[in-house]
1. I'd like to know how region 254-336 sits against the 2.2 N^0.38 Å rule of thumb: what's its Cα Rg over that expected value?
2. How much length would be gained if the chain were fully extended between H308 and I237, taking 0.36 nm per residue of separation minus their Cα-Cα distance, in nm to one decimal?
3. Count charges around L199 for me, please; just the other residues with Cβ under 11 Å from its Cβ, Lys/Arg as +1, Asp/Glu as -1.
4. Would you mind calculating the gained length between S146 and D245 on full extension (0.36 nm times residue separation, minus the Cα-Cα distance), in nm to one decimal?
5. If neighbour count is taken as other Cβ atoms inside 10 Å, put H21, H16, H227 in order from fewest to most.
Amino acid sequence: MSHQHFPSKEYPEDVHLIEYHDRTILLVGTAHISQESVALVREIIQQEQPDGVCIELDEKRYQALTEKKRWQALDLKQIIKDKQLSTLMVNLLMASYQKKLGAKLGVKPGAELLAAAQSATEQNIPIALCDRDVRITLRRAWKSTSLFKKGYLLATLFASLFNETKISEEKIAELKQKDVLSELMGEMGEILPNVKKVLIDERDIYLSERIKATTGQRLVAVVGAGHIAGIQKQFPIDNSGMLADITTIPPIAKGWKIAGWSFPLLVIGSIIGIGLQKGEAVAEASILYWILAHSIPSAIGGMIALAHPLTILSALVVAPFTSLTPVIKAGYVAAFI
């Protein structure tokens with residue numbers, strides 16, 4: 001295949017050239033809510049006519065972008081069975097924030113990644129989805145974060161939904177500059193080091209190895225600008241031996257499992273002990289207190305979320321019982337209803 005491409009001196013500043021052995025990789029750094037990035041991606045693919053186009057997407061995120069009714073087809077039963085409800089909630093919060101910013105600029109989040117896939121398909125250029133499964137990424141990040149930091153992360157994401165800070169293409173261009181991004185990544189590393197390691201550092205390694213494994217002498221790789229520096233650093237290094245480790249979800253420690261089941265046994269044992277020592281009436285009062293302490297907040301939460309009356313009722317009924325098991329939570333049942 002012949003190539004008509006920019007001389008290196010004419011590449012836009014968001015395009016980075018990597019010479020790897022006898023291969024050439026053009027890294028296109030983008031912002032996921034930028035119309036300029038959409039235009040740049042189409043221009044580079046059109047003019048370069050590469051042997052392949054690598055995209056910072058996994059199969060699930062690609063389907064979400066290309067299938068408009070993907071959410072209607074979600075199997076909530078399977079999500080609950082796989083214990084992915086908390087992962088789904090974090091994903092929804094992140095997606096909602098990006099959607100809010102994108103709406104201000106008139107572009108959907110991930111539009112440049114979808115444009116890369118469409119442009120390559122139109123020109124019969126093979127595409128390679130090079131990102132790690134988003135479920136693995138989010139679950140590894142969740143498991144690697146302490147309880148306090150989890151609360152901080154969720155509070156930050158939730159607060160971002162109400163942030164009215166104005167953003168423009170000029171502001172995005174400023175944030176995409178290498179020095180600004182490095183500073184932001186450094187700050188994130190200080191505040192949430194484990195989250196940065198999973199969301200950024202591990203994916204830099206994964207993306208690099210998947211790009212290297214893609215067939216073709218000349219490739220275009222479309223990735224978020226925040227990954228450019230990391231990919232450039234990792235590309236010369238053979239990290240293939242790390243892939244198995246960073247694509248697995250760490251198992252729950254036995255200590256947490258024991259602690260999870262110890263609490264309900266302690267509660268039940270305490271109520272039995274109260275009944276034996278202070279009588280049946282006191283034990284019944286304790287049980288009633290337990291029921292009200294869990295049912296009322298759960299029902300109020302459902303009301304605040306404007307849930308269906310049956311959902312609110314289900315939360316009211318099941319909360320006292322699900323609180324006694326680390327396996328099923330009231331939120332799972334309410335979501336299922």
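Computed from the coordinates by the stated procedures, all read-outs in this text should not be read as laboratory data. Predicted, not measured: the structure shown is a model, and the values here were computed from it. Cβ: placed from backbone, ideal geometry, glycine included. Neighbour counts: every protein chain shown.
1. Relative to the 2.2 N^0.38 Å estimate, region 254-336 comes out at 1.24.
2. Gain on stretching H308 to I237: 20.2 nm.
3. +2
4. Here the segment from S146 to D245 would lengthen by 33.6 nm.
5. Fewest-to-most Cβ neighbours within 10 Å comes out as H21, H16, H227.
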